[in-house]
Amino acid sequence: MLSEVLLVSAPGKVILHGEHAVVHGKVALAMALNLRTFLRLQPHSNGKVCLNLPNIGVKRAWDVAGLQLQDTSFLAHLRSSQPSHLCLLVTEQGDATVPTAEQVEKLKEVAGITQDGAKPEGLAVLAFLYLYLSICRKQRALPSLDITVWSQLPTGAGLGSSAAYSACMAAALLTMCEEIPNPQKDGVSASRWAVKDLELINKWAFQGERMIHGNPSGVDNAVSTWGGALRFQQGKISSLERPLALKILLTNTKVPRSTKTLVASVRSRLLKFPEIVTPLLTSINAISLECERMLGEMAVAPAPEHYLVLEIWSSRR
């Protein structure tokens, strides 16, 4: 069990092409931002689990003994209707997949969440408690710890703030429970996590995202875990070659939006007007593929006409 302070960070993301269509199996091109979320985990022995999220005004604490007595057996026996490549299957820990609506309500009771359960504050607490209880439940006793998370990413801006939060939380708790090695030595970064460790972080981060968003594609947590520029389709991740001269201008409208609500809206329209929406999703996929080809060419020999094409496609998003 980890005994020293652990610091973890993860980047936000921007989806260049394929947003919303990626939830329906289409290609998305995404890139990590130079805006990050940071997490500090401090183990202790005071019998408390404390969560501090200063960006959104959350400060919660639970007695470890009380959590230990809660019936959380359902966390070990969950099943999912999602495709297998989106599910986390770890033999020693059982299936870590999204709970049913009834199980979410049970988790809200454990968390002490009432009316604010659908707000960002309540969802952040819910995701933390789910990951904490799921990852740490194989320990002889749940660990006492303080976790503080702060971020450069605004919430509700489409920049992957919840994914960066989930990735940080998953990485810290997995390290705490020695499911993955500690990449720090004496407070200094000594190494990078191996691919298998990053895959485990990514899969648990996806579970945190599902607690917050319900039915995410998995692209946000993939970028927060792996960084760089990625191609994502149905859980399959590959790196993109990108030109060094490519810069992205982001403008924060400061009008928050709910990813969960937007995803549900697209799905509703697809079910109601399949003849209209299906061709739109196909067209979005074609744009993603064309821009992927263009970025590949630019990585080898960038030319002015490449930037013009990218600008045209971006303006049509």
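The values are calculated or read from the model by the stated rules, or taken from the named source; none is laboratory data. Predicted model, so just to flag it, every value in this text is computed and none were measured. As a convention, Cβ positions derive from the backbone with ideal geometry for all residues, glycine included, and neighbour counts pool all protein chains shown. Side chains are part of the model used for accessible areas, which takes the heavy atoms of the whole protein and leaves out ligands, DNA and RNA. Shrake-Rupley method; radii C 1.70, N 1.55, O 1.52, S 1.80 Å.
Summary of computed values
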{"read-out": "Residues of the stretch 123-141 satisfying the condition of being over 20 Å from Ala167 (Cβ atoms) and either buried (at least 20 other Cβ atoms within 10 Å of the Cβ) or basic (Lys, Arg) (or both)", "value": "Arg137, Lys138, Arg140"}
{"read-out": "Selection within the stretch 245-288 - open to solvent by 80 Å² or more (accessible area, probe 1.4 Å), part of a helix (DSSP H, G or I) and among the aliphatic types (A, V, I, L, M)", "value": "Leu271, Ile276, Leu280"}
{"read-out": "Cβ pairs under 6 Å, 6+ apart, first in the stretch 270-296 and more than 17 Å from Glu19 (Cβ to Cβ), second at pLDDT below 90", "value": "Met294/His306; Met294/Val309; Gly296/Glu241"}
{"read-out": "Among residues of the stretch 18-50, those that are open to solvent by less than 60 Å² (accessible area, probe 1.4 Å), more than 21 Å from Glu4 (Cβ to Cβ) and in a loop (DSSP other than H, G, I, E, B), counted", "value": "5"}
{"read-out": "Tally of residues being open to solvent by less than 10 Å² (accessible area, probe 1.4 Å) and either over 23 Å from Glu102 (Cα atoms) or in contact with a strand residue (DSSP E or B) (Cβ under 9 Å, 6 or more places away or on another chain) (or both) across the stretch 207-228", "value": "7"}
